[in-house]
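Below: the structure, in structure tokens.
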Amino acid sequence: MQYICDFHIHSKYSRATSKETNIENLNKWARIKGVNVLATGDFTHPLWLKELKETLEPAENGLYKFKNHKSKAKNNNGFGLNGNHNHQPEVRFILNTEISSIYSKNGKTRKVHNLVFAPSFEVAEKINTHLGWIGNLKSDGRPILGLDCKELAKIVFNISPECMIIPAHAWTPWFSIFGSFSGFNSIEECFEEYTKNIFAIETGLSSDPEMNWRWSKLDKITLISNSDAHSPAKIGREVNILEGEEISYNLIKEAIKSGAYADNSSKLRMVKTIEFFPEEGKYHWDGHRNCDLCLEPEESLKYNNLCPRCGKPLTIGVMNRVCQLADRPAGEKPEKFIPFQRMIPLEEIIADVLGIGTGTKRVLAHYKNLIKGVGNEFKVLLSATKGEIVSSSMPEIAEAIERVRQGRISIQPGYDGEFGKISVFGENEERPKTRGGQETLF
């Protein structure tokens, strides 16, 4: 069986997040998306932890499920999730949080975000107790602590060796282990003697595995991909696909730890990741948003990493930072690797076809019809036939999904906090005509 897993989200107690983020809505949207295992996020926040304990109950070892799954999922706002297409397992939740460490090391200010996973509420509470002595856990779902990553690892692994620490969005310029402004040049420099416990990194929306393969130091580090969602509707933007006979916290940990080196006898293995087109990420290329300037790494070097319009430092993006550390040419692969597939969220594809914004009534109507007709978003994006998609929407949407699967799209890369712009149909291609607000299907 395959399990689609998203290991990084945030609760309503984190900054700039939706107030609609509760377990009931996360459970609903996980089913809409087709996500089988979802992170809880933010277990360090006392109010969110209280809500998690009230709304979740134990499932497989170290995993949890929504207590009121059957009674609360009757209509799901018109998405038809109880139809013939939706015989999917209940969503499982895995306890984790994101810690922001801001501290000084080796004469430089460091700002690193790490994902911390716990195998039980008891372990999560012990972690909270220790971290609460260091900083205020109530101020934000993603607490900011003046805590060296090495010391964070010492605390967490002394509480339970079953925990996991995975550096989050590892290449983001401002807050990551390899970030251009405040990161390190290796995992060893960051975690020192605890490097042996760090067996994975999160690639982030602005990079993909192919970019990470250029640095041989990451050959035995598993590359995971997650949504970092700030609202329920954004979960599943990037995911990990695991395959095996059964699932539990320890099996997930072992699958991530083994990565591409797992053998066929493993009960659970990572077999694929689903990625953003990295150009769509908001820190892919270099640039200066205030001057509306986006540059390739080679162009930045010509200007000594200074904005040619105002003279201020450019925000050095992920591609540039990867190039700084890379010891392989683009396109070269390590001996063993986990394959991946680039994809665009379904709502964005529909909006591009119709030539209107996401979140509009027409886009949502097509989205709901596709979920009802096909089953969930990942089925629509990854496996549904053109005929199945057309029967629930329109030929142009089916064609657009096929183009995305083949990578036949155009992209304006993101930079300095601005998401990239993706277009499935070219500027000169005719989009569906409308009549009275309705699409002309045939």
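The values are calculated or read from the model by the stated rules, or taken from the named source; none is laboratory data. Computed from a prediction, not measured in an experiment: that's the story for all the values here. Heads up, the Cβs are rebuilt from the backbone with ideal geometry, glycines too, and the neighbour counts pull from every protein chain shown.
List, please: which pairs have Cβ atoms under 6 Å, are six or more places apart or on different chains, and start with a residue in region 393-406 that is closer than 12 Å to Leu381 by Cα and without any contact (Cβ under 8 Å) to a residue 60 or more places away in the chain and end with one that is of a type in the set (A, V, I, L, M) and assigned to a loop (DSSP other than H, G, I, E, B)? So the pair list comes out as Ala400/Val424; Arg403/Val424.
Listed by position, the helices (runs of 4 or more DSSP H) inside region 235-329 whose residues that are crowded, with 20+ Cβ neighbours inside 10 Å and touching a Ser or Thr at 6+ places or on another chain (Cβ under 6 Å) number at least 2 are 318-325.
Count of region 11-54 residues, restricted to those that are within 29 Å of Glu245 (Cα to Cα), of a type outside the set (A, V, I, L, M, F, W, C) and assigned to a loop (DSSP other than H, G, I, E, B), is 4. Regarding region 332-343, can at least one residue be identified that is free of Cβ contacts under 8 Å to residues at least 60 places away in the same chain, in contact with a helix residue (DSSP H, G or I) (Cβ under 9 Å, 6 or more places away or on another chain) and buried (at least 16 other Cβ atoms within 10 Å of the Cβ)? Within region 332-343 (the criterion being free of Cβ contacts under 8 Å to residues at least 60 places away in the same chain, in contact with a helix residue (DSSP H, G or I) (Cβ under 9 Å, 6 or more places away or on another chain) and buried (at least 16 other Cβ atoms within 10 Å of the Cβ)), the answer is no, since none of the residues qualifies. Restricted to strands (runs of 3 or more DSSP E) entirely inside region 83-166, those with at least 1 residues that are over 22 Å from the mean Cα position of the chain (by Cα) and modelled with pLDDT of 95 or more are 96-105, 108-117. Identify all residues within region 12-63 that are in contact with a Pro (Cβ under 6 Å, 6 or more places away or on another chain) and small (Gly, Ala, Ser); write none if there are none. Answer for region 12-63, where residues must be in contact with a Pro (Cβ under 6 Å, 6 or more places away or on another chain) and small (Gly, Ala, Ser): just Gly62.
Could you say whether any residue in region 255-272 is assigned by TED's automatic domain parsing to the domain that holds Trp171, of a type in the set (S, T, N, Q) and touching a helix residue (DSSP H, G or I) at 6+ places or on another chain (Cβ under 7 Å)? Please lay out each step first, then the result.
Residues of region 255-272 that are assigned by TED's automatic domain parsing to the domain that holds Trp171, as a first pass: 255-272.
From the residues that got through so far, the ones that are of a type in the set (S, T, N, Q) too are 258, 264-266.
Among the residues that remain, those that are also touching a helix residue (DSSP H, G or I) at 6+ places or on another chain (Cβ under 7 Å) are: 266.
Looking for residues that are assigned by TED's automatic domain parsing to the domain that holds Trp171, of a type in the set (S, T, N, Q) and touching a helix residue (DSSP H, G or I) at 6+ places or on another chain (Cβ under 7 Å), one finds at least one in region 255-272, hence yes.
So if I check each of Phe199, Phe181, which one is assigned by TED's automatic domain parsing to the domain that holds Tyr103 and more than 25 Å from Lys336 (Cα to Cα)?
Criteria check complete, one pass: Phe181.
Out of Ile165, Ile144, Ile177, one residue alone is crowded, with 24+ Cβ neighbours inside 10 Å and in contact (Cβ under 8 Å) with a residue 40 or more places away in the chain. It is Ile177.
If Asp208 satisfies all but one of (1) under 25 Å from Thr273 (Cβ atoms); (2) free of Cβ contacts under 8 Å to residues at least 24 places away in the same chain; (3) of a type in the set (D, E, K, R), what's the number of the condition it fails? All conditions pass for Asp208, except number (2). In summary, helices (runs of 4 or more DSSP H) completely within region 347-395 and bearing 3 or more residues that are at pLDDT 95 or above and among the β-branched types (Val, Ile, Thr) occur at 361-374.
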